[in-house]
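Asks: Please read through the structure below; I'll follow up with questions.
The values are calculated or read from the model by the stated rules, or taken from the named source; none is laboratory data. It should be emphasised that the depicted structure is a prediction, and the values quoted were computed from it without experimental measurement. Ideal geometry is used to build each Cβ from the backbone, glycine not excepted, and the neighbour counts take in all protein chains shown. Side chains are part of the model used for accessible areas, which takes the heavy atoms of the whole protein and leaves out ligands, DNA and RNA. Shrake-Rupley method; radii C 1.70, N 1.55, O 1.52, S 1.80 Å.
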Amino acid sequence: MFDKRLLGLIIVVGVVAGLIGAFYTHLLHYIQHFMYHYSDSDHLSFGQAVARVSPEYRVMALALCGLVGGIGWVLIHRYGEPLVDIKKAIQDTTKEMPPLTTFLHATLQIITVGMGSPLGREVAPREASAGIMTGLLRHVDMKSEDKALIIACAAGAGLAAVYNSPLSATIFILETLIVTWNVRSMGAALLSCGLATLVVRQAGVGDTIQYTMAQPPLYGSYQEFAIVLGAVIAIGVVLFDKTQSMLPKFDRKSPKMMVISIIAFTIIGAMAMYFPEILGNGKAGNQVTFTDSVTWDYALGLMGAKWIAVLLALVAGAYGGRITPSMMLGSTLSLAFAALWSIMVSPVSLGFAAFLGAVIFLGLAQKMPITSCVFMLELSRFSVEMLFPITLAMGSALIVQQIVKARFSL
């Protein structure tokens with residue numbers, strides 16, 4: 001049952017998350033415009049703006065990003081309250097997310113992504129919204145399960161606001177955060193995510209479509225291709241997870257992290273001299289693969305460069321989301337594989353393959369397979385007919401992933 005207090009807090013969640021999403025969206029665009037010398041009147045995407053500046057400028061921009069991020073996160077870890085992960089705050093509501101430290105931490109993520117960090121922007125609004133609601137809940141006497149639901153809804157509504165994706169954000173709450181599908185939870189998730197999307201649309205962002213492009217055609221042996229692609233992506237995700245687990249651990253409070261951050265991000269900038277699409281969360285890479293605007297060998301180069309860039313950012317102690325980076329890794333790998341399939345088996349649309357690979361890699365890498373299927377359709381507004389190959393590929397990928405992990409004890 002919903003009492004008046006819980007219902008009121010859910011409404012507050014939607015408003016707060018919507019305002020946070022709008023603020024971070026405008027801040028991200030401001031940082032991007034400032035760093036790469038363009039404006040709305042230029043009608044350029046971030047990827048096009050990055051490609052337009054000189055290769056040397058990209059190196060300098062990323063070195064500066066490493067400096068800002070390195071100093072910022074060292075100061076946060078040294079002088080701020082200990083950060084608390086969203087899932088831990090949901091599982092144990094006594095472990096509160098410190099509102100001010102969490103907000104500063106989230107804002108630094110947006111600043112660094114705007115400067116060119118290869119990580120995603122979606123964690124910031126989720127953490128900031130959840131952190132603010134945690135602060136409000138300190139003054140409310142309610143059951144721990146209700147507090148957990150509010151925090152989960154805040155995190156999901158933040159995702160809905162920043163990506164204009166209310167339904168997939170609702171599924172994200174139910175599938176990954178509270179892992180329950182009762183009517184009470186669904187009602188809270190739907191209302192909070194819907195309100196957050198409404199607020200952000202009214203706050204100057206509008207009804208934004210992330211990928212404004214024609215839907216790629218379905219032809220050839222695309223059903224068989226989807227099943228095989230699922231297996232290929234599953235192996236790719238397992239390998240990516242393995243490389244992440246091998247990263248060295250550093251003391252994030254140590255001033256040495258500032259030097260490590262500058263070095264790591266300068267290397268990322270050097271790679272961006274040849275692959276400018278790796279800068280930012282990964283949308284630039286997806287735009288060129290979804291539209292089949294790159295060759296298969298360049299797509300493989302993009303995948304390798306983005307893979308290394310994400311690992312370097314994590315080594316540097318940077319924070320950020322993995323949603324769009326995962327999508328880019330999947331789209332580039334899939335485009336290259338589709339080119340091989342088209343030669344050896346039968347032609348398939350490379351743009352379709354890239355889109356499908358982005359969905360599957362995201363679903364497996366972030367452990368949200370159902371969310372991913374809906375999320376990508378909301379971002380692109382493609383037809384639901386895409387759900388057929390997505391279902392085949394996701395099912396194949398999940399099974400192969402489990403087999404590979406069990407076989408090699410991963």
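Asks: Please find the FRET efficiency linking residue 410 to residue 343, where r is the Cβ-Cβ separation and R0 is fixed at 25 Å, and quote it to the nearest 0.05.
Replies: Result of the calculation: an efficiency of 0.20.
Asks: Any idea what the alpha-carbon Rg over 2.2 N^0.38 Å comes to for segment 154-259?
Replies: Against the empirical 2.2 N^0.38 Å value, I get 1.53 for segment 154-259.
Asks: A further question follows. Just to check I understand the Karplus step: with θ = phi - 60° and J = 6.51 cos²θ - 1.76 cosθ + 1.60, what whole-Hz values come out for segment 9-25, glycine and proline as x?
Replies: For segment 9-25, the Karplus-derived couplings read 5, 5, 5, 4, 4, x, 5, 4, 4, x, 5, 4, x, 5, 4, 5, 5 Hz, x marking Gly and Pro.
Asks: For residue 209, what accessible area in Å² do you get when you roll a 1.4 Å probe over the heavy atoms of the protein chains, rounding to the nearest 10?
Replies: 60 Å²
Asks: Here's another thing I want to ask about it. What length, rounded to one decimal in nm, is gained on full extension from residue 213 through to residue 52, with 0.36 nm per residue of separation minus their alpha-carbon distance?
Replies: 55.8 nm
Asks: Tell me the accessible surface of residue 410 in square angstrom (1.4 angstrom probe, heavy atoms of protein chains only), to the nearest ten.
Replies: Here the accessible area works out near 90 Å².
Asks: Size of the dipole of the chain about the Cα centre, Lys and Arg at +1 and Asp and Glu at -1 on the beta carbon, nothing else charged, in debye to 20?
Replies: For this selection, approximately 860 debye.
Asks: Would you kindly derive the ³J(HN,Hα) couplings of segment 301-309 from the backbone phi angles with the Karplus curve 6.51 cos²θ - 1.76 cosθ + 1.60 (θ = phi - 60°), listing them in order in whole Hz, with x for Gly and Pro?
Replies: Coupling constants for segment 301-309: x, 4, 4, x, 5, 5, 4, 5, 4 Hz.
Asks: OK, next. Residues of segment 31-59 with amide nitrogen under 15 Å from the 7 Å Cα-to-Cβ point of residue 291?
Replies: 43-52
Asks: Could I have the simple spin-label model distance between residue 11 and residue 40, label points 7 Å from Cα toward Cβ, reported in nm to one decimal?
Replies: The two pseudo-label positions are separated by 3.0 nm.
Asks: Semi-axes, largest first, in whole Å: what does sqrt of 5 times each Cα gyration tensor eigenvalue give for segment 299-359?
Replies: Working through the eigenvalues yields semi-axes of 27, 11, 5 Å.
Asks: Using just the helices of the chain, give the 222 nm mean residue ellipticity in deg cm²/dmol: DSSP H runs with n ≥ 4 each add -39,500 (n - 2.57), and the total is spread over all residues, rounded to 500.
Replies: Helix contribution divided over all residues of the chain: -23500 deg cm²/dmol.
Asks: Express in Å², to the nearest 10, the accessible area of residue 385 obtained by rolling a 1.4 Å probe over the protein heavy atoms while all chains stay in place.
Replies: Probe radius 1.4 Å; accessible area of residue 385 about 100 Å².
Asks: Can you give me the long-range amide H partners of residue 348? Hydrogens built in the peptide plane at 1.01 Å from N, cutoff under 5 Å, separation of 5 or more residues or another chain.
Replies: 342
Asks: If R₀ is 60 angstrom, what is the calculated FRET efficiency for the pair residue 4 and residue 273, using the beta carbon separation as r and rounding to 0.05?
Replies: 0.55
Asks: Could you name the lysines in cross-link range of residue 143, using Cα to Cα under 20 Å and dropping any fewer than eight places away on the same chain?
Replies: By straight Cα distance, residue 143 reaches 4, 87, 88, 95.
Asks: May I pose another question? Sequence-distant or interchain residues sharing an amide H contact under 5 Å with residue 252, placed H: which?
Replies: Answer set, sorted by chain and number: none.
Asks: Once neighbouring chains are kept in place and the probe is 1.4 Å, which whole percent of the accessible area of the chain is contributed by carbon and sulfur?
Replies: Answer for the chain is 66 percent, counting heavy atoms of protein chains only.
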